1. Once you keep just the Cα pairs under 8 angstrom separated by 6 or more residues, what percentage relative contact order results for the chain?
2. Apply 1/(1 + (r/R0)^6) to the Cβ-Cβ distance of residue 144 and residue 273, taking R0 = 25 Å, and write down the FRET efficiency to the nearest 0.05.
3. As I understand it, the value is the acute angle between the Cα axis of helix 5-31 and the longest principal axis of the Cα atoms of the chain; what does it come to in degrees, rounded to 10?
4. How many nm separate the modelled label positions at residue 171 and residue 74, each set 7 Å beyond the Cα in the direction of the Cβ?
5. I'd like the carbon and sulfur percentage of the solvent accessible area for the chain, probe radius 1.4 Å, heavy atoms only, ligands and nucleic acids excluded.
6. I want the local charge near residue 117. Using Cβ-Cβ distances under 14 Å, sum +1 for each Lys or Arg and -1 for each Asp or Glu among the other residues.
7. Relative to the Cα centre, what is the charge dipole magnitude of the chain, using +1 at the beta carbon of each Lys and Arg, -1 at the beta carbon of each Asp and Glu, and rounding to the nearest 20 debye?
8. In a shell of Cβ-Cβ distance under 13 Å around residue 273, excluding residue 273 itself, what net charge do Lys and Arg (+1) and Asp and Glu (-1) give?
Amino acid sequence: MGFPRGRRRLVLAVAVLLAVAAVAVVVHRVLAPAEVSTPARADYPAAPQPAAGVIGRLPVAPLIVDGRLRVYAAHRQVYADRPVDWRHRTTPYWSYRRWPAELTGVVASGTIVVSRWSDGRLVALDASTGRVRWRADGPVPVASTAVVRRTGAATVWNPSGLLLADLPDGRTVLTVTGSGRASGVEVSSGRELWRTDLPGDCRSDVGTTATGQVIGLDTCSGPATIEFRDAATGLVGERWRPPGDPDDLVVTPLGCRTGRSGCRALRTAGPGDAGGRGWVLGGGEPVAAPTLDPAGVVLVGEQAVGVADGVAVGRSARTGAELWRDAGLGPARVLAAQPGRVHLLTEGNDLVTLDPATGRLLSRSTLNVGSDGTGWTPGAVWAEAGYVAMERLREPVDPNGDDQRYYLTSEAVILAAT
């Protein structure tokens, strides 16, 4: 005997409803917005003092935070490992993941790591614990057509729309730009200090100054003009055009504390120009600094350092007076700089670190690890806290190739202490 027809229909209907409900629960759990924070379970590590030379080979680009951690970016995750001088990537010290938003940028100030997401959300993490310090809403990032490579270097070393500015009163402001809007957020608390509308694609970020201003390039009406916005209030003060420069400008920040933040000078040039004109930034209008004109010259503190005809030369950025020269390096070029250090790369891929004020050799080491050799071309580079991290590209470089063709190995990033 079976169920009567009416009862069978009722049982079937109930079963269908239960199945639909179960599927709905699963779909909700899988697709609903969520965040997963996995804080640190071990003590905050001490800052190591490794000997100069290659200390690590990594598959992804590290952001060195507080001299103690390496912070990385994944598609929907920001995470850290330690110690800084470990040869390979290790089990995460802490991790923070969001869904379905995508990670678009990471910056760090002291022991605060701020992540930016595709929905505009800003999430600050305590580097020592990985716990969330604050959350805030910012402008939605502008969609990018740039190729996202597997190392994530662009996300942690040059994040679009994120700039740090140190104010004279000791506070640090994160300037966030996105679709039609910019805002300033106090890094320590997440408090929004200001917000303003932006005209669109005709305005772009350049960097921030060492005195707490945000540098932008405005091409919206007439010739390209450089604007200086107060990072504390969001108000534009000075608007300036280099005299005699073309209507279209390419502006490169120089002498920055990290990335494009805390910069002391600019170089302006026309599109496609090999060099340009250097300008030192201060309290008023930028001051011409011809020593900074050549494209290969960097600014470290008050010293301009470059290589010409195989000779490294340090000069006063303001007066042009020669401070030192080193003719013993052979063919080399300036690779990167950080406070108190300038890094040069020789033809044989030796990393040479000099004191920019005196030219004194601080360290020299060959950028080779394992059996990789030195037959590669440098890609993106980051220098901070006495370390240099660099992508290694396969020769000849194919900018349109896939990641396997583009990078030297699966562990394409080399990390060196200087």
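The values are calculated or read from the model by the stated rules, or taken from the named source; none is laboratory data. Keep in mind that this is a model prediction, so the values were computed, not measured. For neighbour counting, all protein chains shown are included, and Cβ atoms are generated from backbone atoms with ideal geometry for every residue, glycine included. What goes into the accessible areas is simple: the full protein's heavy atoms, side chains included, and nothing from ligands, DNA or RNA. Shrake-Rupley method; radii C 1.70, N 1.55, O 1.52, S 1.80 Å.
1. Values: 1004 pairs, mean separation 46.5, N = 418.
Once normalised by length, the contact order is 11 percent.
2. Values: r = 25 Å, r/R0 = 1.01.
According to the calculation, E is roughly 0.50.
3. Once rounded, one gets 10 degrees.
4. 3.6
5. On the way: 10160 of 19410 Å².
Result for the chain: 52 percent of the exposed heavy-atom area is carbon or sulfur.
6. On the way: positive: 76, 97, 98, 116, 121, 135; negative: 35, 102, 119, 137.
For residues surrounding residue 117, the net value is +2.
7. Details: 45 positive and 41 negative charges, 446 e Å.
Using only the charged Cβ atoms, the result is roughly 2140 debye.
8. Numbers: positive: 267, 277; negative: 245, 248, 293.
Surrounding charge for residue 273 is -1.
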